[in-house]
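Accompanying notes for the structure given below.
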Amino acid sequence: MGKTVIIGGVAAGASCAARLRRLKEEEEIVLLERGEYISYANCGLPYHVGEVIEERDNLLVMKKQVMVNRFKIDVRDKSEAIGIDTAKKQVTIREASGNEYQESYDNLLIATGSSPYRPNVEGIDSDKVKSLWTVSDTDEIKGYIKNHGAKSVVVIGGGFIGLEMAENLHQLGLEVTIVQSPKQVMKQLDFEMAKILHRNIEKHGVKLILEDGVAGFSDCGDHLTITLRSKTELNADFAVLSIGVRANSDIAKEAKIAVNEDGGIVVDDRMRTSAPCVYAAGDVVEVKDYVLGGRTMVPLAGPANKQGRIVADNIAGIASSYKGTQGSFVIQVFDFTASSTGVNEKTLIAKGYVKGKDYETVFITQNSHAGYYPGAKPLYVKLIFSMDGKKIYGAQVVGQEGADKRIDTIAAAMQFGASVKDLANLELAYAPPYSSAKDPVNMAGYVAENVINGYVRLAEWNELETNQDAVVLDVREKPELQTFAFDGAIHIPLGQLRDRIGELDRGKEYIVMCGIGVRAYNASRILAQHGITKTKVYPGGVKYYRAIH
């Protein structure tokens, strides 16, 4: 019989404990948790604040007594691990009373997770500056709103928690302002995809301040003043800070266990650290980048649970390895869904990849299901792939319906090494209420193939503003122009293009525009076969253009 000590519950730690018990009935398993709750749904916390999840107990995935009775785990809550002696194979533990003692181990898992980053700015210690990371944080925010009659809030940060909190606080009736230091929300998305969310956020009455950060806070008694770097001052009842996380790896550093420059514990594919018999998993670790093959840190619940399970396997003698993190995510932003898998274009550029040389992208707009069936909503899909189409680097899908299943389809395809041709060939379930005969995933594959084969060139999302020499050729029908028309554009409906092609200057460069891009592609093929080759299709058409402008 062996003894495994697990530092930290929630995702990785609790997952490891349960899996290890199923594999080794006689193993002594000690689970240490410095907080009160050993396993809770931290992804659900914003929705409890917004009262979408009404019952607080629904957040508690596994209560202490259930884990003790069901899995025979020695659960010690309110017990913080404060030191590791890897030579003696001991953990020093401090109880809530202040009492300290040592616990021996045969195997140790460090699953200490991460904590919200709090910058060193004036006034940050005010009780009006909140963070959301634990169940107790949720209680504090809900209590503050109720007890102080809060009517307004400034959310600092436009990532996962920031956007989810903004939405839920808005639904409670609060006046919400988001402050984001970069030029976009959701850094995991490329800018042109995030712009869809910007318009939607503002449409719902939330003020969005981009490219500005917090310089300091001032507690004025009856309100909080937030001073931005631009010297702008915002007044609100309180603020929620959500500008990123840091790995809780101090205990590993002090034990001389290898960590990277960002504090992530370095592990191999079996989640083993540099110290013998010591594993690490969850937000605290650096892992393999599944797509590009380097190293990365991705604090997501899905990978953390998988890693905890893999640690249990290896402790039990089952060879199990972690292939790497793909970074798949999905988030609700009011009535829109944003999702991504793999790497974005920004990451490729930062690593020295050059578009048109090392990779290509396609962008499509297509309805979530058959257009003739009521309720179809536009989906915006971006696909990033190698020049030969044999490797998919990543994808992003934003829309009001069906974004989640499309990103999951592409994520699964990437796991099995799919090419863009494989996406085109996927046989996906179809019925009018759910999809189209050519699913958006298939269409992304088709368009990618057309780009690779030279059948079409796509304009950049901002090329109407940046390419002053290009002329817009609008091939929509005349009634469509009444809704929206481009100044200075040439209008020739697609059905008339062959007969009127002589009206075009063959020396000009044309950006062809239609509703969503399909007619524009057909027009570009007509033009190319009539010798007019300096043409590009505006991806996503007028529907996308208007969504971001």
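The values are calculated or read from the model by the stated rules, or taken from the named source; none is laboratory data. Nothing here was measured: the structure is a model prediction, and the numbers come from that model. Glycine gets a Cβ as well: all are built from the backbone with ideal geometry, and neighbour counts include every protein chain shown.
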* Structure fact -> Checked the stretch 98-111 for anything within 16 Å of Asp283 (Cβ to Cβ) and either charged (D, E, K, R) or not assigned by TED's automatic domain parsing to the domain that holds Glu80 (or both); matches are none
* To do: Only one of these is part of a loop (DSSP other than H, G, I, E, B), among the aliphatic types (A, V, I, L, M), touching a helix residue (DSSP H, G or I) at 6+ places or on another chain (Cβ under 9 Å) and over 21 Å from Gly356 (Cβ atoms): Ile532, Ile526, Ile501. Name it.
  => Ile532
* Residue satisfying all of: in the stretch 17-71; of a type in the set (A, V, I, L, M, F, W, C) and part of a strand (DSSP E or B); nearest to the chain's Cα centre (by Cα) among these -> Leu60
* Residue check, Pro440 against (1) over 28 Å from Leu504 (Cβ atoms); (2) in contact (Cβ under 8 Å) with a residue 60 or more places away in the chain; (3) surrounded by 14 or more Cβ atoms within 10 Å (Cβ to Cβ); (4) more than 26 Å from the chain's Cα centre (by Cα), all met but one. Which one? -> (4)
* Residue check, Glu100 against (1) over 30 Å from Thr225 (Cβ atoms); (2) loosely packed, with under 14 Cβ neighbours inside 10 Å; (3) at pLDDT below 95, all met but one. Which one? -> (3)
* Evaluate the following for Glu261: is it loosely packed, with under 14 Cβ neighbours inside 10 Å, within 28 Å of Val185 (Cα to Cα) and in the same structural domain as Thr92 (by TED's automatic domain parsing)? => yes
* **the stretch 278-298 - residue that is outside any strand (DSSP E or B) and in contact with a helix residue (DSSP H, G or I) (Cβ under 9 Å, 6 or more places away or on another chain) and, of those, surrounded by the fewest Cβ atoms within 10 Å (Cβ to Cβ)** => Leu292
* Asked: Under 9 Å by Cβ, and 6 or more places apart or on different chains, what pairs join a residue from the stretch 419-433 that is surrounded by fewer than 14 Cβ atoms within 10 Å (Cβ to Cβ) with one that is part of a loop (DSSP other than H, G, I, E, B) and among the polar types (S, T, N, Q)?
  -> Ala429/Ser435
* With respect to the numbered conditions (1) touching a Gly at 6+ places or on another chain (Cβ under 8 Å); (2) part of a helix (DSSP H, G or I); (3) assigned by TED's automatic domain parsing to the domain that holds Lys391, which one is the sole condition not fulfilled by Ala444? -> (1)
* Out of the stretch 395-418, which residues are touching an Asp or Glu at 6+ places or on another chain (Cβ under 8 Å), assigned to a helix (DSSP H, G or I) and touching a residue at least 40 places away in the same chain (Cβ under 8 Å)? -> Arg406
* Per-region count, the stretch 169-184, residues within 17 Å of the chain's Cα centre (by Cα) and either in contact (Cβ under 8 Å) with a residue 60 or more places away in the chain or not in a loop (DSSP other than H, G, I, E, B) (or both) -> 1
* Any idea which of (1) over 22 Å from Gln184 (Cα atoms); (2) surrounded by fewer than 23 Cβ atoms within 10 Å (Cβ to Cβ) is the one Gln400 doesn't satisfy? -> (1)
* **Residue satisfying condition, being more than 16 Å from the chain's Cα centre (by Cα) and without any contact (Cβ under 8 Å) to a residue 12 or more places away in the chain, within set Lys355, Lys377, Lys391, Lys351** => Lys355
